[in-house]
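So the structure is just underneath, and the comments pick up after that.
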Amino acid sequence: NKSSIHPSTMSMNAIVQFIRNALCCAKDLKLYEDTFWWQANHTNAILDGISGGNLILPEPLDKTTPLEVIISITQLYAFLSTSVGGLTLIWNSVGKLRRIVFLLESRLNEGTANTEKKKTKNGALGKAANRIVNESLLQEAKSAIRGAFVGFLVAPIGVAFWWLFANSWHITETPWLGGLLGLIDALTVMEICLLPLLVFMIVDGLAYWNKYKQTQDWIRVVESGNTSLFKPDALKVTTYEIMAPDWVPFWESGSKSLTPAQESKQLDQEIATVEKTLAQWFPEDDADDANKKKDDNEKEEKIRKQAVEKTLQTMKDSLFGLSVKGYCEFFYFVVNSVAFYGYLMAIVAFYYPDDTAQPYYVQTLKFGYANAIADWTGNFAGDFMWTIEPIVILGSPFYLSYMQPSSSKKISAADDDKVKKE
């Protein structure tokens, strides 16, 4: 499942998230409390100077400190980027699903047998290519459905940041935007939407580890040279993607921008590409093989062996990345679970304000602490966890790049030289 969010956008979101929550931690701990950043009068002076004396903050907005102004800017960014990102994910996922449905319908109407007869040169490789493409379409259809659901979860989280932005300006101390109750409702919406996302983190982590195990199993199959196991009929879309990790079919790009005829033509080209890739690993079994010269067969077998060795090394090199990505997903689950539980304390303290008249389960949720302590500790835990998370998000690609085995690059270059000499 490829991300539909551009890497540069993800990096910017992570950077802003780090700044926002690091500043929130500083606010929680009241660091450098006697400096400029904590003096509300400086905020009023700056706004007064910018507006030429026309902008005077009313109470209680005039209590906003420069530190809270900077935090509010990052919260406003989160409101815009996360809301738009969620809606964009919904739009792209629905468009992608419609595109895949069209492609599947076109293949169903055309008939698989007719497609193979028209576009493939041999039986085993042609059937395998068609099967892999069909499985990929179904796999990406499920991914699109999940993407739309995730978008429905992410967009409300983004909208809830508007109340956090308002809280930084002390607007929630007024009846505007629902006051404090509006802020608590926004936090409640964020908590509800975060729960399914926590589940997806576990699912994704297990998926990476499952792919890690599948890759190990397939490496053993390829190394064994057992033709009863290593054959086109045994390939599924998951094993094909393991052997050809750079394969990105055109339907993964999202909504279609081509005419139906162009889409069908591109689908045929995709099948031909998959079949061509399979031909690098498996011998052709058509009738013309018997008429080929012995030297040509030996040359093709040597090239095929080199291609399999190169693919084998690629699979071995992918193991480290799959393992680390699985661990990262579980790390994100732990971090966000702590944040979820921490921010929950504010909601609990709001609805059960009296420490002396609380049900047992509420006291248990707070580990027996008073509302003030549970609220502050939970809020700081959430801010701190969401400060750590973007560090891992930003640092993991560099770590993977640094630790990733480089032997595949050397082998690839050597194989290319051999092929040229042949």
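The values are calculated or read from the model by the stated rules, or taken from the named source; none is laboratory data. The structure presented is a predicted model; accordingly, all values stated were derived computationally and were not measured. As a convention, Cβ positions derive from the backbone with ideal geometry for all residues, glycine included, and neighbour counts pool all protein chains shown. These area figures cover heavy atoms from the full protein model, side chains too; ligands, DNA and RNA do not enter into them. Shrake-Rupley method; radii C 1.70, N 1.55, O 1.52, S 1.80 Å.
Quick one: check the C-alpha center-to-center distance for region 191-205 versus region 34-59, whole angstrom.
41 Å
Starting from the Cα of ASN210, step 7 Å toward the Cβ, then list every residue of region 230-260 with an amide N under 20 Å from that point.
Zone members listed by number: 234-245.
Counting helices only, and only those DSSP H runs with n ≥ 4, report the 222 nm mean residue ellipticity of the chain as the sum of -39,500 (n - 2.57) divided by its residues, in deg cm²/dmol to the nearest 500.
Per the formula, -27000 deg cm²/dmol.
Could you look at the chain and say what percent of its accessible area is carbon and sulfur, using a 1.4 Å probe and all protein chains?
That share works out to 64 percent.
At 7 Å along the Cα-to-beta-carbon direction for both LEU319 and ASP355, put a label point, then send me their distance in nm to one decimal.
5.5 nm
How about region 4-72: which chymotrypsin sites (Phe, Trp or Tyr not before Pro) there are in a DSSP loop, with at most 16 other Cβ atoms within 10 Å of their Cβ?
Filter output for region 4-72: TYR32.
Given a 1.4 angstrom probe, what's the average accessible area per residue across region 128-244, in square angstrom?
It amounts to 45 Å² per residue over region 128-244.
How would ILE171, ILE100 rank on accessible area, largest to smallest, probe 1.4 Å?
From most accessible down to least: ILE171, ILE100.
Mind computing the radius of gyration and Dmax over the alpha-carbon atoms of region 185-231? Å is fine for both.
19.4, 61
When the chain is fully extended, how far beyond the present Cα-Cα distance does LEU31 get from TYR369, taking 0.36 nm per residue of separation?
So the extension gain works out to 119.3 nm.
Quote the FRET efficiency, to the nearest 0.05, computed for ALA272 versus ILE70 with a Förster distance R0 of 56 Å and r equal to the Cβ-Cβ distance.
0.55
Across the chain, where is the longest run that never hits trypsin sites (Lys or Arg not before Pro) in a DSSP loop with at most 10 other C-beta atoms within 10 Å?
31-292
Would you please give the FRET efficiency between LEU55 and GLU173, computed as 1/(1 + (r/R0)^6) with r the Cβ-Cβ distance and R0 = 22 Å, to the nearest 0.05?
Efficiency, from the Cβ-Cβ distance: 0.70.
If we restrict to alpha carbons, what Rg and Dmax does the chain come to, in Å?
Cα radius of gyration and Dmax of the chain are 28.3, 92 Å respectively.
Quick one: net charge around VAL338, please, counting Lys, Arg +1 and Asp, Glu -1 for every other residue with C-beta under 12 Å from its C-beta.
-2
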